[in-house]
Every structure is written in C-alpha cells, then in structure tokens.
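The values are calculated or read from the model by the stated rules, or taken from the named source; none is laboratory data. Remember, it's a predicted structure, so these values are computed and weren't measured experimentally. Here Cβ is always computed from backbone atoms with ideal geometry, including for glycine, and neighbour counts include all displayed protein chains. We work out accessible area using only protein heavy atoms, side chains counted, and drop any ligands, DNA or RNA first. Shrake-Rupley method; radii C 1.70, N 1.55, O 1.52, S 1.80 Å.
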Amino acid sequence: MPELPEVETVVRQLRRKIVHRRVVSGRILHKNVVEGISSRKFLSSIKGKMIQAVTRRGKFIIFTLDNGRDWISHLGMTGKYVVCGDHGGASKHRRAYFSLSGGCELIFVDMRVFGKMLLVDSGTGYLAHLGVEPLSDDLDARYLRAALARRRIPIKTVLMDQKMVAGIGNIYASEILFDARLSPRKQAHRLTRKETVRLTESIKRILKQAVELNGTTISDFRGVDDKSGRFQEMLKVYGRRGESCYACGHPIRRIVQAQRSTFYCTHCQRAG
DNA sequence: CCAACGTCCTGCGTGC
DNA sequence: TGCACGCAGGACGTTG
C-alpha cells in the first residue's frame, strides 16, 4: 500500500504514541509475517524491550529497541499499524498483536500479507542496499544522472527501483513524471541533463507535498489514527484513465510497465 | 552486470 | 447467481 509519504505519516503517528513504551507481550497471528526467525523467537527477543525510537528508511519502518536491535517492518501493499484500540484494530486481517506498557496495544493489520517484520542487530546494514533518501541532499541531479546513465529501461520503472532512490512507488512515480513533463516510456539513459534536473525537482516537490498532506488515501489507506491523507485530491494522472488532463484536456492514458499500471498524459508528457 | 518475468497473498469489481 | 478474470500503493528470486 504505502510509499514514502504514507510510511512517513505512519512513522510520525507511531512515534507520538509508542516511543518509550515497553513490549509487554505479543502474538503473531499469521505465519508469513515474521521473516528469518520463528515467531516464538521474534516475540521472546522483543519482550520486555523498550521502543526507543521510530524512524523510516525508504518504505521501511524501524523500531529501535533498547537491546541494540532494530525491529524492522515493511507494510507491503496493504499493511497498517493500529494503536491503542484506534479504529480498524478489530479487523479480521489482524496479523500480529503487541501489548505495550501503559495499557497500549499495537496491532498489525494486513489483508494481503505482503507486509513483514524482522529483527536485526543495529548497524548490520540490513537496509544498506537501499538507494538515497529522495528528500535528503543525497539526491541531486548529479546523483540521478549517474544512476540513470546505465539503465536501459523506461524511466518510470527506474523511479520505482528502491536501490536507486528509496521510497517511490507506483502512484508517486506517475505523479512525479507528470510534474516533470516526462514520458514514462522514455528510456532512463536518454534523459538530458536538463530533464534530469527537472526530474530531481519533481521528485522532491511531489514527495514533500504528499508528506505535508499526510499521504494519499485511496480505497483503504488510513493513518494510525484513522485520518485520511489528502494527497489524493492532488493526483493529476494516477487512476484517471480516460479522464481529461487538467493541463491540456487530452485523455489520460493507462499503460502497463513492468507489470504495473502507469498513468500519463500523452500530450503533456511527450517522448522525445 | 542488467532486464524481464513469475511469485508470494487476499479481496473486489466487472462482464459473461 | 456463479464464475473467471483483471486489478490492487511491493519486493524478491529466478532465468536468460
């Protein structure tokens, strides 16, 4: 479900509610949720530990524990965390349950079970394969130009490659390319210097705006406290197949790239 | 090294 | 009504 803005929203909400609480007990309700070790081992490793911080890297959530280990979680397509009996905790798609100190409950709900949680020693570099954080200074036109130069695939597909830039998914890839007036079909290595600068600016502008609006709520995405994001009101192309482009009036087209939907305006985003 | 494709899951809407 | 199929905000392993 979530891309960088949604995960950032979740992390900020979780931070307010669960930092400095201890894990009193827990239950894993689906066998595929914990990766690498058994559910039993996972639970015994986090039990009694305090959550010192909640942070984000790409689309991963990191719960820093006070025993030198990180509890890392990915929401997959449909995962979400519900805290303290907030709306949604009673879902039949509950996959994990944690009782925290102070009478607080943390519940992981995930219909499709693509979400994951695992435990790593802090600083082992489990997330080291991820590319730069798009909202940090690490992402600039120079970095992007070098990264794109060796890729012989469409720019849309490259934008979603977490090893290049971490956090962009299917919705924001389309929105970013519309903002940059670039065709999603253009081969990555064929972007000009000028286009690369534009793309860099669009990545930052769109993601920053989406974070400010608490992400995009389509179908069932909700923040931890069940508030909707508001970026869906800003979507210019995603999910708008056949509708008129707000800029030029031409119909928005849907194509499939790397088995994912891409939406774009063939007039505003001409190849070439 | 790179690119393309299948797979892990469940549920919903659509059309026959 | 039933059923097959396409679609869904992701990532990774295998194959060529």
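Before moving on, here are some points about what is shown:
- Stokes-Einstein diffusion of the range A:141-265 at 25 °C, 0.890 mPa s viscosity, Kirkwood radius from Cα pairs, rounded to a whole number: 164 µm²/s.
- Residues of the range A:22-54 with an amide N closer than 12 Å to a point placed 7 Å from the Cα of A:Ala90 along the Cα-to-Cβ direction: none.
- Label zone at A:His20 (point 7 Å along Cα-to-Cβ), backbone N below 14 Å, the range A:68-101: A:101
- Calculated mean residue ellipticity at 222 nm for chain A: -7500 deg cm²/dmol, from DSSP H runs with n ≥ 4 weighted as -39500 (n - 2.57), summed, divided by the residue count and rounded to 500.
- Rough spin-label spacing in nm, given labels placed 7 Å along Cα→Cβ, for A:Ile153 and A:Gln259: 1.2
- Computed with every protein chain present, the accessible area of A:Ser99 is close to 30 Å² [probe 1.4 Å].
- Partners for A:Lys17 among aspartates and glutamates (Cα-Cα distance below 15 Å; same-chain residues under 8 apart left out): A:Glu8, A:Asp86, A:Glu105, A:Asp225, A:Asp226
- For a modelled paramagnetic label at A:Ile218, 7 Å from Cα along Cα-to-Cβ, the residues of the range A:243-272 in reach, with backbone nitrogen under 14 Å, are A:243, A:252-257, A:260-265.
- In Å², nearest 10: area of A:Glu212 left accessible to a 1.4 Å probe: 120
- J(HN,Hα) series, the range A:247-263, from Karplus relation 6.51 cos²θ - 1.76 cosθ + 1.60, nearest Hz, glycine and proline x: 8, 10, x, 5, x, 6, 9, 10, 10, 10, 10, 6, 6, 10, 5, 10, 10
- Rolled with a 1.4 Å probe across the full set of protein chains, the surface gives A:Tyr143 an accessible area near 70 Å².
- log₁₀ of I(q)/I(0) at q = 0.07 Å⁻¹ - chain A, Debye sum with one point per alpha carbon: -0.27
- Based on Cα atoms of the range A:4-121, Rg over Rh with Rh as the Kirkwood radius reads 0.91.
- The HN-Hα couplings worked out from phi for the range A:153-162 by the Karplus form 6.51 cos²θ - 1.76 cosθ + 1.60 (θ = phi - 60°) are 9, x, 4, 4, 5, 5, 4, 8, 6, 5 Hz, whole numbers, x standing for Gly and Pro.
- Each label point was placed 7 Å from the Cα along the Cα-to-Cβ direction; for A:Asp66 and A:Met234 their separation is 3.8 nm.
- Residues with amide H under 5 Å from that of A:Arg95, placed H, sequence gap 5 or more: A:Phe108, A:Val109, A:Asp110
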